[in-house]
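Read the figures in this text as sums done on the coordinates, not as results from a lab. For clarity, every value in this text was computed on a predicted model and none was experimentally measured. Positions of Cβ are backbone-derived with ideal geometry, glycine not excepted, and every protein chain shown enters the neighbour counts.
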Amino acid sequence: MMNFNLTQIPDRNQRPRLSGITMVMDKGLSVNEAENFLSVAHPHVDIIKLGFGTSFVTASLTRKLEVYRSYNIPVYFGGTLFEAFLIRNQFDDYIQVCRDFGISYIEVSDGSITIPHSEKCGYIEKLAKHSTVLSEVGSKDAEHIIPPYKWIELMRAELSAGSAYVIAEAREAGTVGIYRGSGEVREGLVQEILTQIPGEKIIWEAPQKEQQLYFIELLGCNVNLGNIAPGEVIPLETMRIGLRGDTFHLYLKKEEA
């Protein structure tokens, strides 16, 4: 999607994309805001997450979902809602809620609850039979540091169980999981994960600009990024293709000396 011709723009995968995904976090947009947002940004949005438990308290939820559907963009409820149902022994109710609202993408996470990993993989396996499953790895608890070999083990098991993508946890603030409390990337962890898990199967939560830049520089314009705020989608797209100061020189051919 370009309005005029510029050379030396990297090839962005087009929707429907398998990689180069931008997952947007909607924390409570109104129906009109959703429509306005997508009227300019829809070519650059691949999946929309209704963050944490916001879908429970959002008025006009059905109308908003219809807006997203009209642009052929899949929507899913945040993993925290899945966990809220699970801890109340309402797993089957959750599946029914997703059916009632026409939700075909489901996030399986255990960031706020503790369940045996085999049990989590069991849910993934069950849900993957009729839904596209995204599973989140990493804890929301900043004190709970998971060593790299464990991240790899968990991601591998969840992909094997049927997850379409694994999401590397960062929360909406980008201060836990693959990041330090300061928001700085745990680079050694990321590099180690990438030695074992294919990058195109990972959605990196990267709400902060510096985090987005890190992954674009590391993995290129078609890296999968998540927890992007609606107002940051177009700025992110320009950063992906070298039309923002941070990446301006990334794709320009080096002038010959």
In whole Å, what are the Cα extents of region 1-122 along the three principal axes, biggest one first? 55, 33, 21
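Give me 56, 37 sorted ascending by neighbouring Cβ count inside 10 Å, so fewest comes first.
On the way: 56 12, 37 21.
Fewest-to-most Cβ neighbours within 10 Å comes out as 56, 37.
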Roughly what would the spin-label model give for residue 61 and residue 93, points 7 Å off Cα along C-beta, in nm? 1.2
Roughly what would the spin-label model give for residue 234 and residue 11, points 7 Å off Cα along C-beta, in nm? 2.8
Of 27/129; 140/201; 129/150; 140/209; 27/126; 64/150, which sit over 31 Å apart, Cα to Cα? 64/150
Label-point separation (nm) for residue 114 and residue 210, each offset 7 Å from Cα along Cα-to-Cβ? 3.2
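For the residues 88, 12, 180, what sequence is obtained by ranking on other C-beta atoms within 10 Å, fewest first?
Values: 88 10, 12 17, 180 13.
Exposure proxy ranking, most exposed first: 88, 180, 12.
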Here the residues of region 9-45 lying in the modelled label zone of residue 251, meaning backbone nitrogen under 12 Å from a point 7 Å along Cα-to-Cβ, are 9-14
Using a 10 Å cut-off around each Cβ, can you sort 68, 94 from fewest to most neighbouring Cβ atoms? 94, 68
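Hey, any idea what the orientation-averaged projected area of the convex hull of region 55-128's Cα atoms comes to, in nm²?
On the way: hull surface 20.5 nm².
That works out to 5.1 nm², a quarter of the Cα hull's surface.
Mind pulling the per residue volume of the convex hull built on the Cα atoms of the chain? Å³ is fine.
132
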Take the alpha carbon atoms of region 125-174, find their center, do the same for region 66-102, and report the distance between the two centers in whole angstrom. 18
